[in-house]
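**Student:** Can you keep this structure in mind? I'll have questions shortly.
Just so it is clear, none of the values below were taken in a lab; they were calculated from the coordinates. Because the structure is predicted, anything quoted here is derived from the model rather than measured. Neighbour counts are summed over all protein chains in view; Cβ atoms, including those assigned to glycine, are modelled from backbone coordinates with ideal geometry.
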C-alpha cells in the first residue's frame, strides 16, 4: 500500500469534506457484524460474542433483517458507523479476500478492523478540526495528526496492528479540545457565565427541557442528552464530541455549525425536515415523516 511522509504540508486524504470516511457496506465483509460483540439489552435482542457472525448475517455478508432492525430489537445496529474502516480493511489491507474465503485471516482481520475503526473516527474529527481552527498552529497540528493517522490506515498490516492507538488518541483529543475552545470562544461562550451552569462536559441532561434556547458555544462534550428536548434551539459552536443523543428531540434545531457531530449521533436522535444540519451529514430516514 502507498504511504506518504508525515512531513507533508497537506493531508493526502482525497476529501476534506470527509466523503471517504463514509461506510460502503457493499465492499466490506460485514466486519461490524462479526468483529464486535454485544450483550442483550434495549439495543440488541440477543448476546453475541466478539469474533462470531451475527445470526442475521447472510452468506453474501448482507443483513437478513436490515429493513426491520429497529423493530426486531437491533437498534444498536442502526446507529453504528465504521467511518469507512470496513471497506478499507476488507479491500485494502486484505485485498478483497474475505475471512470466509480464507479463515486463517479471521483474527487479524477483525483486529485490524477494531484498530482502523478508531483511526477512521479520529480522521472524521480531525478533518473538521483542521477546517475550523482559528490558530494556524492548531490547524497545522491537526494536519500533522491527520497525516500520521492516514499513513497508518493506508500502510501495512503489521504496522497497523502494532500502533500505539492510545497515545495517538491522547494527542488527537488534546488537539480537538484546543480547537473546541477556539470555536466556542468565537461565540463568546467559553469562560462566560451566562450559560446555564448545568451545561458542562459529561453533564447528565437526560430528559431536560432545553428547547428554544441560544446554546451557542456550550461545551456538551460527553454529555448525556438522552430524550432531552432541544427543539428550536441554536447549537452553533456547541461541542458535541461523544455526547449521547439517543432520542433527543431536535425538530427545528440548528445544528448546522455544531462541533464534532457525527452521523451515528443523528441516527439515534429525533429530528425533522426543519432541523438544520452540517452540509456533510445526512438527514436520517426516520426523520422524513416527522
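**Student:** Using a cut-off of under 14 Å, list every residue of segment 249-270 whose amide N is near the label point 7 Å from the Cα of residue 276 along the Cα-to-beta-carbon line.
**Tutor:** Counting only backbone N, you get 251-259.
**Student:** For the chain, what is the calculated [θ] at 222 nm in deg cm²/dmol (nearest 500), taking -39500 (n - 2.57) for each run of four or more DSSP H residues and dividing by its residue count?
**Tutor:** Values: 6 runs with 83 residues, N = 290.
Value at 222 nm, helices only, nearest 500: -9000 deg cm²/dmol.
**Student:** What number, in percent, do you get for the relative contact order of segment 188-290 if the mean sequence gap of Cα pairs under 8 Å and at least 6 apart is divided by its residue count? Before the final figure, lay out the partial values.
**Tutor:** Numbers: 263 pairs, mean separation 20.2, N = 103.
Contact order relative to length: 20 percent.
**Student:** Between the alpha-carbon centers of segment 204-218 and segment 59-137, tell me the distance in whole angstrom.
**Tutor:** Value for the Cα centre distance between the two parts: 31 Å.
**Student:** Efficiency by 1/(1 + (r/R0)^6): what FRET value for residue 173 and residue 97, r their Cβ-Cβ distance, R0 = 41 Å, to the nearest 0.05? Could you put the intermediate results ahead of the total?
**Tutor:** Details: r = 35 Å, r/R0 = 0.85.
After rounding, the FRET efficiency stands at 0.75.
**Student:** Report the label-to-label distance for residue 200 and residue 166 in nanometres (one decimal), using points 7 Å from each Cα along the Cα→Cβ vector.
**Tutor:** With each label point 7 Å from Cα toward Cβ, the separation is 2.8 nm.
**Student:** To continue, here is another question. Compare the peptides 232-245, 22-35 by average per-residue count of other Cβ atoms within 10 angstrom and give them in order, highest first.
**Tutor:** Numbers: 232-245: 22.8, 22-35: 19.5.
Descending packing order for the listed peptides: 232-245, 22-35.
**Student:** Please list 62-71, 262-271, 104-113 highest first by mean number of surrounding beta-carbon atoms within 10 Å per residue.
**Tutor:** Working: 62-71: 13.4, 262-271: 22.3, 104-113: 18.0.
Result, highest mean first: 262-271, 104-113, 62-71.
**Student:** Out of the DSSP beta bridges found with both residues in the chain, what percent are antiparallel (nearest 5)? Let's see the in-between values first.
**Tutor:** Details: 2 of 12 bridges.
Of all bridge pairs located within the chain, approximately 15 percent are antiparallel.
**Student:** Okay, moving on. What does the extension gain come out to for residue 186 and residue 137, with contour length at 0.36 nm per residue minus their alpha carbon separation? Could you put the intermediate results ahead of the total?
**Tutor:** Numbers: separation 49, 0.36 × 49 = 17.64 nm, distance 1.71 nm.
Stretched fully, the residue 186-residue 137 segment lengthens by 15.9 nm.
**Student:** Using all alpha carbons of the chain, what is the percent of pairwise distances in each 5 Å bin, ordered from the shortest bin to the longest?
**Tutor:** 1, 5, 11, 15, 16, 16, 14, 11, 6, 3, 1, 0
**Student:** With r as the distance between the Cβ atoms of residue 24 and residue 247 and R0 = 30 Å, compute the FRET efficiency 1/(1 + (r/R0)^6) and round to 0.05. All intermediate terms of the calculation are to be shown ahead of the outcome.
**Tutor:** Values: r = 28 Å, r/R0 = 0.94.
Given R0 = 30 Å and the Cβ-Cβ separation, E is 0.60.
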